[in-house]
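Peer 1: Supplied in structure tokens, the structure appears directly below.
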Amino acid sequence: ESRRIRKISEPILHRFIGMILGVVLFPVRITLATLFFLLMWPVARLRLAGLSAAERAEPVRGWRWWLFHHIMLFLSRAVFFSVGFLWIRVKGRQAGLKEAPVLVVAPHSGFLDMLVLYATGLPIVVSRAENCRLPVIGALLEFNQSLIVSRKDPQSRKKCVSQICERVTSDARWPQMLMFPEGTTTNGRALIKFKPGAFLAGVPVQPVLLHYPGEPDTVRWTWKGQTWLGALWHTTSQIHTSVTVEFLPIYTPSHDEKQSPELYAENVQKLMAKALCVPATDYVMEGRSPVKKLGNLSLPLEPPAQETLRLLREHGCVAHVEAVMNHVIDSCHSGQSSMVTADHLAALLGLKDRKMAVKICSLYSKDDTVDLRQICVSVSAASGFRSLESLIHTAFTWYDADQDGLLSADDLSGLMGALVGVPQYSITEMYTALTARGRPTEASLQDLLMTHPVYRRVCTEYLHSSGSADGNHNGIPNRKSD
């Protein structure tokens, strides 16, 4: 009993100490960090002052490099020292420019990972075009001679790829490049699928690992959990935040890897995951959530249906869910609109707290309305209230827009979106597989989902996966095979 009380009281004590330290340390550290950060702005501007556009497109040399580069290194260290990174431990040796033109860093945990730029000598980075408009940040990107890409513009992405290949194959004319191949922040408990950008040129890369061994972990800033401001508050509230930058041996690609950047990226991901003792997964970020691609279907790491069931269990409503699902099926069959508000959903599910209904709505849509068909189909599939055959029959009836017994590609998109709980926009590959079996009838769809080597995994593995049933976003239900 005393051990249980101690286990409960320790987090409360840590939180209390953190609040006291935060009140004292946060304003002091943020003031110092802001001061050093603002001092970077004139240094960044002076480095390229007076240069023409053509000269700025070439690597900075001479006095402009050695003078301003070392000042910027000092200010960078001062910023992170002020935030609480009093020591930065380095393991291994950083490869020279000619040995490895590209440094690939993982896991990417949050904005504080930028300290790796100091530890690696301020290499060139790739950044979103939106960042150029941010105060100070835009000047720092210009100082760094970063490659800028607009993710919404295909031509910009194509140009960026060309520039990456040009710089890393320039025979040491340009400095090293540093890239976070995950392309977004994660909780560090797995490596999501690496993007191929760092591997397109087929040159050797040096994997670099970031470790935050301290407890509690205050640095992570992911799609779910604390905000960036929360991460900053909790980090600056620590006496000291530990970090280790580990340089792994240079990875030289094989002939096959040079021909296939995807294979190269996957093998480096596996190597880094093994060194980190975490899984290498196939998940990618789509919007603000991690998803796994299965035949162009997007399967979220946290199925909305599993989270919905968890919330209902917490409020003791699971006993009513099956009756509610049957009621919803009847109402949808009767021709009533399937779109409902959070208030209507709360009444249907017997929820006394409207906020819970709003939260369930947010799992399926961006506002306080939701398509009942999505909740009904996905929750029934995840919970096993109905057999899969019965559920597909019901969903087929709902989404067969022409009521002709045949599914169009749009019909299939809506049906599969309801089944997995998130919209499915890239359905072409699955629709091709469906029509290859003949007319896109209900029987053909049943057969596809039961026997196809890829799509049957939606039913056998994904819908009944318990990896996320507890609502813990640290759960990673899949691991790549070696």
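The values are calculated or read from the model by the stated rules, or taken from the named source; none is laboratory data. Because the structure is predicted, anything quoted here is derived from the model rather than measured. Don't worry about glycine lacking a Cβ; one is built from the backbone with ideal geometry, like all the others, and counts go over all protein chains shown. Ligands, DNA and RNA are excluded from the accessible area calculation, which covers all protein heavy atoms including side chains. Shrake-Rupley method; radii C 1.70, N 1.55, O 1.52, S 1.80 Å.
Peer 1: Hey, which of the helices (runs of 4 or more DSSP H) in region 62-176, taking only ones fully inside, have at least 3 residues that are β-branched (Val, Ile, Thr)?
Peer 2: Numbers: elements: 63-83, 115-119, 137-144, 154-168.
Here the list reads 63-83, 154-168.
Peer 1: Let me ask you something else. Could we say that ARG189 is surrounded by fewer than 21 Cβ atoms within 10 Å (Cβ to Cβ) and in contact with a Lys or Arg (Cβ under 9 Å, 6 or more places away or on another chain) here?
Peer 2: Working: surrounded by fewer than 21 Cβ atoms within 10 Å (Cβ to Cβ): yes; in contact with a Lys or Arg (Cβ under 9 Å, 6 or more places away or on another chain): no.
Spelling it out, it is not the case that ARG189 is surrounded by fewer than 21 Cβ atoms within 10 Å (Cβ to Cβ) and in contact with a Lys or Arg (Cβ under 9 Å, 6 or more places away or on another chain).
Peer 1: Say we look at region 26-59 and pick out the residues that are over 19 Å from ILE137 (Cβ atoms) and not in a helix (DSSP H, G or I); which of these is farthest from the chain's Cα centre (by Cα)?
Peer 2: Taking the candidates together, the pick is GLY50.
Peer 1: Restricting to region 136-152, and then to whatever is surrounded by fewer than 17 Cβ atoms within 10 Å (Cβ to Cβ) and in contact (Cβ under 8 Å) with a residue 24 or more places away in the chain, can you tell me which residue is nearest to LYS98 (Cα to Cα)?
Peer 2: GLU142
Peer 1: GLY467 - would you say it is modelled with pLDDT of 85 or more and surrounded by 15 or more Cβ atoms within 10 Å (Cβ to Cβ)? Full working, then the answer.
Peer 2: On the way: modelled with pLDDT of 85 or more: no; surrounded by 15 or more Cβ atoms within 10 Å (Cβ to Cβ): yes.
So GLY467 fails the test.
Peer 1: Specify the residue that is surrounded by the most Cβ atoms within 10 Å (Cβ to Cβ); the eligible residues are those in region 158-185 that are free of Cβ contacts under 8 Å to residues at least 40 places away in the same chain and in contact with a helix residue (DSSP H, G or I) (Cβ under 9 Å, 6 or more places away or on another chain).
Peer 2: Ranking the candidates gives ILE164 first.
Peer 1: Is it the case that GLU130 is free of Cβ contacts under 8 Å to residues at least 40 places away in the same chain, out of contact with any strand residue (DSSP E or B) (no Cβ under 9 Å at 6 or more places or on another chain), more than 27 Å from LYS258 (Cα to Cα) and open to solvent by 60 Å² or more (accessible area, probe 1.4 Å)?
Peer 2: Details: free of Cβ contacts under 8 Å to residues at least 40 places away in the same chain: yes; out of contact with any strand residue (DSSP E or B) (no Cβ under 9 Å at 6 or more places or on another chain): yes; more than 27 Å from LYS258 (Cα to Cα): yes; open to solvent by 60 Å² or more (accessible area, probe 1.4 Å): yes.
In short, yes.
Peer 1: Yes or no: region 185-195 includes at least one residue that is closer than 30 Å to SER289 by Cβ, part of a helix (DSSP H, G or I), modelled with pLDDT under 90 and within 22 Å of the chain's Cα centre (by Cα). Can you show your working first?
Peer 2: Restricting attention to region 185-195, the residues satisfying the condition of being closer than 30 Å to SER289 by Cβ are 185-195.
Among the residues that remain, those that are also part of a helix (DSSP H, G or I) are: none.
Within region 185-195 (the criterion being closer than 30 Å to SER289 by Cβ, part of a helix (DSSP H, G or I), modelled with pLDDT under 90 and within 22 Å of the chain's Cα centre (by Cα)), the answer is no, since none of the residues qualifies.
Peer 1: Something else: Of all the helices (runs of 4 or more DSSP H) wholly in region 211-317, which have at least 3 residues that are under 30 Å from THR428 (Cα atoms)? Steps first, please.
Peer 2: Numbers: elements: 228-236, 255-259, 261-276, 304-314.
Counting at least 3 such residues, we get 255-259, 261-276, 304-314.
Peer 1: Keeping to region 445-464, report how many residues are at pLDDT below 85 and of a type in the set (Phe, Trp, Tyr).
Peer 2: 1
Peer 1: Criterion first (open to solvent by less than 30 Å² (accessible area, probe 1.4 Å), more than 27 Å from the chain's Cα centre (by Cα), small (Gly, Ala, Ser) and within 30 Å of ALA273 (Cβ to Cβ)) does ALA95 satisfy it?
Peer 2: Values: open to solvent by less than 30 Å² (accessible area, probe 1.4 Å): yes; more than 27 Å from the chain's Cα centre (by Cα): yes; small (Gly, Ala, Ser): yes; within 30 Å of ALA273 (Cβ to Cβ): yes.
Criteria met by ALA95.
Peer 1: Right, something else. Among the residues of region 90-127, write down those that are free of Cβ contacts under 8 Å to residues at least 60 places away in the same chain and under 23 Å from ILE192 (Cβ atoms). Before the answer, list the steps.
Peer 2: We begin by selecting, within region 90-127, every residue free of Cβ contacts under 8 Å to residues at least 60 places away in the same chain; these are 96, 114, 118, 121-125, 127.
Within region 90-127, MET114, PRO123, VAL125, SER127 meet the criteria.
Here is a yes/no grid of residues against (1) in a helix (DSSP H, G or I); (2) of a type outside the set (Gly, Ala, Ser); (3) at positive phi; (4) open to solvent by less than 40 Å² (accessible area, probe 1.4 Å):
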{"position": "GLY405", "(1), (2), (3), (4)": "no, no, yes, yes"}
{"position": "SER413", "(1), (2), (3), (4)": "yes, no, no, yes"}
{"position": "GLN424", "(1), (2), (3), (4)": "no, yes, no, yes"}
{"position": "TYR431", "(1), (2), (3), (4)": "yes, yes, no, no"}
{"position": "LEU434", "(1), (2), (3), (4)": "yes, yes, no, yes"}
{"position": "PRO453", "(1), (2), (3), (4)": "no, yes, no, no"}
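Peer 1: Separate question: Within the set of pairs 6+ apart or on separate chains, which have a first residue in region 272-291 that is among the basic types (Lys, Arg), a second that is open to solvent by less than 30 Å² (accessible area, probe 1.4 Å) and assigned to a strand (DSSP E or B), and C-beta atoms under 9 Å apart?
Peer 2: Every condition considered, the pairs that remain are LYS274/ALA280.
Peer 1: Return the pairs, sorted by first residue and then second, in which the second residue is assigned to a loop (DSSP other than H, G, I, E, B) and at pLDDT below 75, the first residue lies in region 203-230 and is among the charged types (D, E, K, R) and open to solvent by 20 Å² or more (accessible area, probe 1.4 Å), the beta carbons are less than 6 Å apart, and the residues are 6+ apart or on different chains.
Peer 2: The qualifying pairs are LYS224/HIS473.
Peer 1: Now a separate question. Of all residues in region 382-403 being over 21 Å from GLY438 (Cβ atoms) and among the polar types (S, T, N, Q), which is least open to solvent (accessible area, probe 1.4 Å)? Let's see the steps before the verdict.
Peer 2: Taking region 382-403 and keeping what is over 21 Å from GLY438 (Cβ atoms), we get 382-387, 390-391, 394, 398.
Add one more test, that the residue is among the polar types (S, T, N, Q), and what stays is 383, 387, 390, 394.
Working: SER383: 45, SER387: 63, SER390: 44, THR394: 7 Å².
Filtering first and then ranking leaves THR394.
Peer 1: List every residue pair whose Cβ atoms lie under 9 Å apart, where the two residues are 6 or more positions apart in sequence or sit on different chains, the first residue falls within region 361-379 and is acidic (Asp, Glu) and at pLDDT below 85, and the second residue, located anywhere, is open to solvent by 10 Å² or more (accessible area, probe 1.4 Å) and not in a strand (DSSP E or B).
Peer 2: Close Cβ pairs satisfying both conditions: ASP368/ASP343; ASP368/VAL358; ASP368/SER362.
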